[in-house]
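The values are calculated or read from the model by the stated rules, or taken from the named source; none is laboratory data. As the structure is a prediction and not an experimental result, all values here were calculated from the model. To get the accessible areas, we keep the full protein, side chains included, count just its heavy atoms, and leave off ligands, DNA and RNA. Shrake-Rupley method; radii C 1.70, N 1.55, O 1.52, S 1.80 Å.
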Amino acid sequence: MVKLTEVEDEHFAQEKPQPSKHDVLLASDDEDEDFTDTESEISVESDYDVDSESLYERLSALKDIVPPSARKQVTNTASYVTSFAKSSIAFSGKALWILSTSAFLLGVPWALAYAEEEQYIQLEREQGMIKGANEMLAPGAPNGEEQKTQPTL
């Protein structure tokens, strides 16, 4: 059978930490011993020029602040939005192509036929106006064909 014995370190054997009033082990009651000033010589005498830093560099430095789960959610959302935008633009482009070609294939011949029909209607109106004007000038006169066959005095 194995017998275990506790071996104490010399450092801990000489200085045993005393429990505080809240049963927390502290090395000392004076907590200001470990205080360091945030403005050290290193931060004051830095060679880094903040003005030369671009916006992209500043934003990429903030990447570590955002937790990985939130970054993944943001990238998934951005990916979904971009894929939706691409597919909707592709669909609308195809739909616009179909509508425009249909309009050209069906609309242009119809428009030409409509314009030709309007020209025939306008020609008939003009002929009717000429016929009406001839009747007003010579009321009761026979048609122009009969008038040519008769001798004039």
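Within region 47-78, being hydrophobic (A, V, I, L, M, F, W, C) and more than 26 Å from the chain's Cα centre (by Cα) holds for VAL50, ILE65. Identification of helices (runs of 4 or more DSSP H) wholly contained in region 29-107 with 3 or more residues that are open to solvent by less than 100 Å² (accessible area, probe 1.4 Å) and modelled with pLDDT of 85 or more yields 68-102.
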